[in-house]
Amino acid sequence: MREAWKMFCLAAVTFGIALGLAHEFVPDIVPVAFAEEPQGSWAVMTAFVLRAIELIAAAVAIIALAVLAGAYLQQELRRRFRSTSSRRASQAD
């Protein structure tokens, strides 16, 4: 579980850094080659790479949260099953 939290935090930090860099270096650039106004190719490529990093980091964070939720749910279900089975065993005696 600790590793999933590390992955989530790392992905969140990576997302924040990429978002901050995109707003700082290419604030008004759309990461698409065809826009209404002419844009420098370096700016379009930079915006595209930063957007890709943002999307990958967001996907990793969502997967890490899903793993954490699944582990928590599994732990709770096991705990409830054990308490239910111990009640049944004590009632049978």
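The values are calculated or read from the model by the stated rules, or taken from the named source; none is laboratory data. Note that the coordinates shown come from a computational prediction; the quantities given were computed from them, not determined experimentally. For neighbour counting, all protein chains shown are included, and Cβ atoms are generated from backbone atoms with ideal geometry for every residue, glycine included.
With 92, 58 as the choices, which residue is at pLDDT 95 or above and of a type in the set (A, V, I, L, M)?
Result of the check over 92, 58: 58.
Which residue, of 19, 55, is surrounded by 14 or more Cβ atoms within 10 Å (Cβ to Cβ), out of contact with any Ser or Thr (no Cβ under 6 Å at 6 or more places or on another chain) and not small (Gly, Ala, Ser)?
Result of the check over 19, 55: 19.
If you go through region 22-41, how many residues are exposed (fewer than 11 other Cβ atoms within 10 Å of the Cβ) and aromatic (Phe, Trp, Tyr)?
1
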